1. Restricting attention to region 297-306, does a residue exist that is hydrophobic (A, V, I, L, M, F, W, C), closer than 26 Å to residue 344 by Cα and modelled with pLDDT under 95?
2. Quick one: how many residues across region 141-167 are in a helix (DSSP H, G or I) and either surrounded by fewer than 17 Cβ atoms within 10 Å (Cβ to Cβ) or in contact with a helix residue (DSSP H, G or I) (Cβ under 8 Å, 6 or more places away or on another chain) (or both)?
3. Scanning for something surrounded by 22 or more Cβ atoms within 10 Å (Cβ to Cβ), over 21 Å from residue 85 (Cβ atoms) and of a type in the set (A, V, I, L, M), does region 255-265 turn up at least one residue?
4. Counting residues that are touching a Pro at 6+ places or on another chain (Cβ under 7 Å) and modelled with pLDDT of 95 or more, which strands (runs of 3 or more DSSP E) fully inside region 499-600 reach at least 2?
5. Between 476, 435, 464, which is touching a helix residue (DSSP H, G or I) at 6+ places or on another chain (Cβ under 8 Å), at pLDDT 95 or above and not hydroxyl-bearing (Ser, Thr, Tyr)?
6. Checking the structure you have, find out if any residue of region 457-475 is assigned to a strand (DSSP E or B) and among the polar types (S, T, N, Q).
7. Is it the case that region 518-527 has a residue that's out of contact with any Ser or Thr (no Cβ under 6 Å at 6 or more places or on another chain), closer than 16 Å to residue 558 by Cα, polar (S, T, N, Q) and assigned by TED's automatic domain parsing to the domain that holds residue 480?
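The values are calculated or read from the model by the stated rules, or taken from the named source; none is laboratory data. Every value quoted in this text rests on a predicted model; they were computed, and no experiment measured them. Because the Cβ atoms are built from the backbone with ideal geometry, glycine has one as well, and the counts that use them run over all protein chains shown.
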Amino acid sequence: MSEHDHQAEPDSLRTPIVAVLGHVDHGKTSLLDKIRGSAVHEGEAGAITQHIGSTAVPLEVISDIAGELVNPDDFDLPGLLFIDTPGHHSFSTLRSRGGALADIAILVVDVNDGFQPQTHEAMDILARTSTPFIVAANKIDTVPGWNPEQNRPSKVAIESQSERVQSDLNDSLYEIIGQLSSKDISADMYWRVQDFQKNVGVVPLSAETGEGVPDLLTVLMGLSQRYMKDEMEIDTAGPAAGTVLEVKDTQGFGTTIDTVIYDGTIREDDTIVVGSKPEPIVTDVRALLQPKPLAEIRADEEFEQVPEVVAAEGVKVAAPDLDDAMAGAPVRVVGDRELDDVLDIVRKELADIEVSTEEEGVTVKADTLGSLEALVSTLEEDEIPVMDAGVGDVAPRDVRMAETAETAHEQSILAFNVDVLDDARQLAEQEDVGLFEHDVIYRLIESYQEYVEEIQEAQQEQILENITRPARFEILPDHTFRQSDPAVVGVEIRGGLLRRNSNVVAFEGSDTDRVGTLKTIQDEGEDVDEARTGERVAVSIDGPTVGRQIKEGDQLWVEIPEKHAKILEQELTDDISADEREVLSMYLERHRNRDPFWGK
Ligand code: GDP
C-alpha cells in the first residue's frame, strides 16, 4: 500500500521547507541570521517561531520585510520554514520519500569569490535531488565604494550606486551567471527571469546590510506559491511523516531524535516507526519538545513540552529505545494503519537510500544516511569501488573490515564528518589501514586519490629498483688496467643504465656468452653505483681475461633475465628512458634472432 492511499481530503497548505547551501564563509549563517534579525527589526519577532532545527517565518512577517514586493493577498501558503543548519551536509541528510526534504534551496555564492569547490558540490546535490533553487549573490556591500542602506530591495540599492560600483558588481554577477551556464544551467538576474522553472534567478544581496533580503524572500515565496502549491497540499490531520535530523541525548529524556515533520500531525503517545538497522524501531512518543522562547529559558529547562506538532515543523521527539535511530532516517506515525504496513513503508524508504557496495573496495563511514549516499555515489562517479558503507563513527570493526581488502590502497577508510574512535585509530595505524577524514566530500576523495597515486608510484619505483635495467657498453682501446682476477677496463656506456653487480654478456655470432660479473664501477677514481649513456668509467669484471674472453673494442651487454625482459617490454616501457628502451629492443632483437619467442 502507498501512503497516499488513505482517502482523507487534503485540507491545508503546508509551509515550504527551505535549505541554505554554499561554500564555507560565503555567508550562509549570516543570511539565516539576517532573515531572523530582519523580522525582529520589523517588530515582528513574536511571529517568528524557533523550532527544533528550523525557523518558521510566517507570510505576514515576510510581507512586512518585503514591503511593496509582497502583497499577502496574492499568497495562500503560510510562510517559509528555514532549516537552521546550513550546508549541503545537512541538506543531503534531510530527505523525504527518497527525495530532498527541502522543497527549495538557496545557493549562497560570495560575489568576490565566485564558484568554489563546495558550490560545485552543492549544485551536484541539487541536480541529483532535482531541487529547485535560487542563487543568493552575497556580500554586494563589499564592492569598493558601495553605499549601504539597511534592508532595501537590491534593485533600488544597485541603482543608487555610482556607475563604477554598478559596473564592478555587474562584472561579478555575470561571472556567476557564466559559471552557472558552464554547468548547463540557464540563469539570469531574478528580475529578468520570466519562468523560474526554466531559469535560475540570481538575487544580489548582502547578509550584512540586509540589502536584497526582501527580494530573496519575495522570490522564494513567489516560486513556492507558483510552482509548489500542489506539493504543499497535505492532510494535516493524517499521521505524521518526518525525517530524523539528529540523534541526541537530552537531559531528562535520554536519547531523543530531532525531527522535521513534513506531513500530517504527530501527538504525544503516538506509536511511531523510526528507521534503523537492522530493523526499524517501533516505539511510543513520550514527549514532544520545542525550544522555549529565549526569555523563559531557565538553566535546566531549555525545552517545553507540546501536545502535538503539525507539518511542516521541527520537533524533538522523546521516546524509549531510540539509541539506534539514524540521522537521515524516516519517521512515521502509525495512526490508524496496520503496523506491518508502516514498517514496510519505512523499510522500503531505507532500502531506497541504501548504498550499493562491491566485493572489493574501500570502506566508507558517514554521519548520516543521506551523506553516505551522496559520498558513495560520488565515489561511484570517480570509479572508486566501495566494499562496505555505514553510518556512524569509525570503530575497530571498520578497520578489521578495511583490512580484508585485497589491494594495499583499498585497505582504506574514508570517513565523512564522523569521529574516529581512539582504539580504531590505533588499530588502523598498527595494521597500516589508510584513514581519510574530511567534512567536504570532494576533499575527502581528493586526498584518497592522492594517496593511491603515491602508493602506485612507490610500487612502480620498487619494481624498477629490483629489475635488471638494459645497458650496452664498449671496452675502450688502450684502457686495460688489469688483465684478470678481476679484469679492469675502461668502458664507454653506449646506452642504458649500467649498475654494479650485473652479469655481463657478449653476443658473438648467434650465441650469447656470459663473460662474467661486473663488480664495481669507478668514475675518476671514485666508486659509483651506476653509469649512464655517454659516461666513461672503469669497471672490474670477475671472470674473463682481457685478450681471451674479452678484448678492447668489444661490445658488452648487461644480461637481462628473460622474466625481467618481459616485464620491461610489456609493463614498464613508459617508465624507462628512451635510450634504455632502444638498448632493450636491440637486446631483444639479438635474442629473438635465435629464439623468436624469447621474452614473450
Ligand atoms: P558560512 O560559513 O557560509 O555560514 O559564512 P558566515 O555566515 O559565517 O560568513 C562568513 C564571514 O563573512 C563572516 O565573517 C560574515 O560576517 C561575513 N559575511 C557574510 N555575509 C556578508 C555580507 O553580505 N557582507 C559582508 N561584508 N560580510 C559578510
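1. For region 297-306, residues hydrophobic (A, V, I, L, M, F, W, C), closer than 26 Å to residue 344 by Cα and modelled with pLDDT under 95: absent.
2. Number of matching residues: 11.
3. No, region 255-265 has no match at all.
4. Once the strands (runs of 3 or more DSSP E) in region 499-600 are filtered for at least 2 residues that are touching a Pro at 6+ places or on another chain (Cβ under 7 Å) and modelled with pLDDT of 95 or more, what remains is 536-542.
5. Being touching a helix residue (DSSP H, G or I) at 6+ places or on another chain (Cβ under 8 Å), at pLDDT 95 or above and not hydroxyl-bearing (Ser, Thr, Tyr) holds for just one of 476, 435, 464, which is 435.
6. no
7. no
Residue-by-condition table, conditions (1) more than 30 Å from the chain's Cα centre (by Cα); (2) at pLDDT 95 or above:
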position: 153; (1), (2): yes, no
position: 161; (1), (2): yes, yes
position: 173; (1), (2): no, yes
position: 194; (1), (2): yes, no
